[in-house]
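What follows is one structure encoded as structure tokens, with my remarks underneath.
The values are calculated or read from the model by the stated rules, or taken from the named source; none is laboratory data. Bear in mind that the values here come from a model prediction, so they are computed numbers and not experimental data. Here the Cβ is made from the backbone with ideal geometry for all residues, glycine too, and neighbour counts use every protein chain on show.
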Amino acid sequence: MHFFRLIAALVLSCVCASATSRASETLVERGRYLVTTILACGNCHTPKDTQGRPVANMELAGGGLSFDTPAFTATAANITPDRDTGIGGWSDDDIKRALVEGVRPDHARLPGTPLAAVMPANFYKALTPRDLDAVVAYLRSVPPRRNEIALPDYKMPVMRQPYPGAEQPYSEASLADPVTRGRYLATIGHCMECHSAFVKGAPDYVTGLGKGGRMFLPTMVRGLPASWDGSAAKNITSDREAGIGAWNDAEIERAITKGISRDGRILKPPMAVTWYAGMTAADLSALVAWLRTVPPLK
């Protein structure tokens with residue numbers, strides 16, 4: 001019992017230290033951390049070479065991944081401050097609305113229309129007001145890159161499944177609790193968008209949270225290494241057999257930051273390992289603490 005109390009105290013002290021560090025960060029610094037780690041914006045929005053590596057000097061210039069689904073065909077947009085091909089002509093409120101509501105401004109291309117459903121606005125609603133400001137501040141600081149991306153083709157109305165707990169922003173104060181902080185990170189990192197059961201073309205966050213099984217195929221996702229032959233999202237519930245309940249903390253953290261499974265297998269894209277590798281130890285500990293609470297599912 002004393003051992004577990006010690007571990008809990010250590011996790012809490014790490015999270016408190018992280019909170020102090022966050023308070024001293026500038027908005028751009030905080031935004032850089034979020035965008036380049038847990039949000040993994042570059043996984044979709046940064047162009048990649050044939051090996052799947054981010055192209056130098058083209059951060060967030062669009063075209064990283066393209067998606068072809070029954071509902072839409074879309075390529076990740078240029079979100080640098082370029083005024084002609086990026087979001088340089090958008091106001092801060094325009095960017096915020098795109099992030100948390102998934103809607104383009106009235107003066108943009110396809111004015112007022114929703115962003116494709118692959119944009120996880122239903123998760124980003126959870127961003128604290130300060131973190132939302134920080135993301136915008138960082139996007140303003142990225143070098144503008146001219147790179148025109150094709151407009152999406154919508155085959156059906158855009159639908160986003162509400163995500164439990166992301167109906168409104170988290171408060172900064174709530175993030176002092178390690179498990180709440182882990183849930184927050186998993187939410188804005190939209191982990192369950194891929195790792196929940198996928199039923200009739202939509203994720204099941206009610207009875208399939210974390211169950212895995214969603215398929216990603218080369219015919220659906222383009223922009224990954226030529227050798228990629230598809231993948232299936234894993235079960236990340238606390239089930240000891242089907243999920244990660246029997247894994248220790250270091251094994252879970254290694255899977256997140258290095259893409260190596262408990263048995264040594266290399267995890268396949270589109271898992272954003274390159275970005276998650278930059279997360280702080282405190283954030284990783286909090287994320288693992290929350291994953292331990294996800295109900296077990298087979």
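For beta carbons closer than 8 Å, sequence separation of 6+ or different chains, a first residue in the range 19-43 that is within 18 Å of residue 171 (Cα to Cα) and a second that is modelled with pLDDT under 95 and not hydroxyl-bearing (Ser, Thr, Tyr), the qualifying pairs are 30/22. Within the range 286-297, residues that are polar (S, T, N, Q) sit with their Cβ atoms under 8 Å from residues that are surrounded by fewer than 21 Cβ atoms within 10 Å (Cβ to Cβ), at 6+ positions apart or across chains, in these pairs: 293/179; 293/238. Test residue 192 against the stated conditions and say whether it is within 24 Å of residue 162 (Cβ to Cβ) and either surrounded by 19 or more Cβ atoms within 10 Å (Cβ to Cβ) or modelled with pLDDT of 95 or more (or both). For residue 192, the condition - within 24 Å of residue 162 (Cβ to Cβ) and either surrounded by 19 or more Cβ atoms within 10 Å (Cβ to Cβ) or modelled with pLDDT of 95 or more (or both) - is met.
Evaluation of residue 148 against the conditions (1) surrounded by fewer than 17 Cβ atoms within 10 Å (Cβ to Cβ); (2) farther than 18 Å from residue 76 by Cα; (3) not hydroxyl-bearing (Ser, Thr, Tyr) shows that the sole unmet condition is (2). Filter the range 64-77 for residues that are assigned to a loop (DSSP other than H, G, I, E, B) and not hydrophobic (A, V, I, L, M, F, W, C); which is modelled with the highest pLDDT? Restricting to residues being assigned to a loop (DSSP other than H, G, I, E, B) and not hydrophobic (A, V, I, L, M, F, W, C), the top hit is 64.
For the range 247-261, the candidate set comprises residues that are of a type in the set (S, T, N, Q) and surrounded by fewer than 17 Cβ atoms within 10 Å (Cβ to Cβ); within that set, the residue that is farthest from residue 54 (Cα to Cα) is 248.
So which of 208, 223 ends up being closer than 24 Å to residue 48 by Cβ and either among the hydroxyl-bearing types (Ser, Thr, Tyr) or in contact with a strand residue (DSSP E or B) (Cβ under 6 Å, 6 or more places away or on another chain) (or both)?
Details: 208 fails: closer than 24 Å to residue 48 by Cβ.
Only one candidate qualifies: 223.
Exactly one condition in (1) acidic (Asp, Glu); (2) surrounded by fewer than 21 Cβ atoms within 10 Å (Cβ to Cβ); (3) outside any loop (DSSP other than H, G, I, E, B) is not met by residue 84; state its number. Of the numbered conditions (1) acidic (Asp, Glu); (2) surrounded by fewer than 21 Cβ atoms within 10 Å (Cβ to Cβ); (3) outside any loop (DSSP other than H, G, I, E, B), the odd one out for residue 84 is (3). Counting the residues of the range 54-73 that are free of Cβ contacts under 8 Å to residues at least 40 places away in the same chain and of a type outside the set (Gly, Ala, Ser) gives 1. Of all residues in the range 244-260, none satisfies being acidic (Asp, Glu) and touching a residue at least 40 places away in the same chain (Cβ under 8 Å).
The rows are residues; the columns are (1) at pLDDT below 95; (2) closer than 29 Å to residue 287 by Cβ; (3) charged (D, E, K, R).
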residue: 2; (1), (2), (3): yes, yes, no
residue: 16; (1), (2), (3): yes, yes, no
residue: 22; (1), (2), (3): yes, yes, yes
residue: 79; (1), (2), (3): no, yes, no
residue: 84; (1), (2), (3): no, no, yes
residue: 93; (1), (2), (3): no, no, yes
residue: 97; (1), (2), (3): no, yes, yes
residue: 111; (1), (2), (3): yes, no, no
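Residue 89 meets the conditions (1) crowded, with 17+ Cβ neighbours inside 10 Å; (2) without any contact (Cβ under 8 Å) to a residue 40 or more places away in the chain; (3) assigned to a loop (DSSP other than H, G, I, E, B) in every case but one. The failed one is (1).
Of all residues in the range 119-175, which are farther than 30 Å from residue 197 by Cα and either in contact with a helix residue (DSSP H, G or I) (Cβ under 7 Å, 6 or more places away or on another chain) or among the aromatic types (Phe, Trp, Tyr) (or both)? 133, 134, 136, 137, 138, 139, 141, 172, listed by residue number. Considering each residue of the range 94-102 in turn, at least one proves to be assigned to a helix (DSSP H, G or I), touching a strand residue (DSSP E or B) at 6+ places or on another chain (Cβ under 7 Å) and either among the hydrophobic types (A, V, I, L, M, F, W, C) or at negative phi (or both).
Quickly run through the range 103-145 and pick out the residues that are of a type in the set (A, V, I, L, M) and outside any loop (DSSP other than H, G, I, E, B). First the steps, then the outcome.
Step one: filter the range 103-145 for residues of a type in the set (A, V, I, L, M), giving 103, 108, 110, 115-119, 121, 126-127, 132, 134-137, 139, 142.
Passing the criteria: 103, 121, 132, 134, 135, 136, 137, 139.
Taken over the range 262-291, the criterion of being surrounded by 15 or more Cβ atoms within 10 Å (Cβ to Cβ) and of a type outside the set (A, V, I, L, M) is satisfied by 268, 269, 270, 274, 275, 276, 280, 283, 285, 290.
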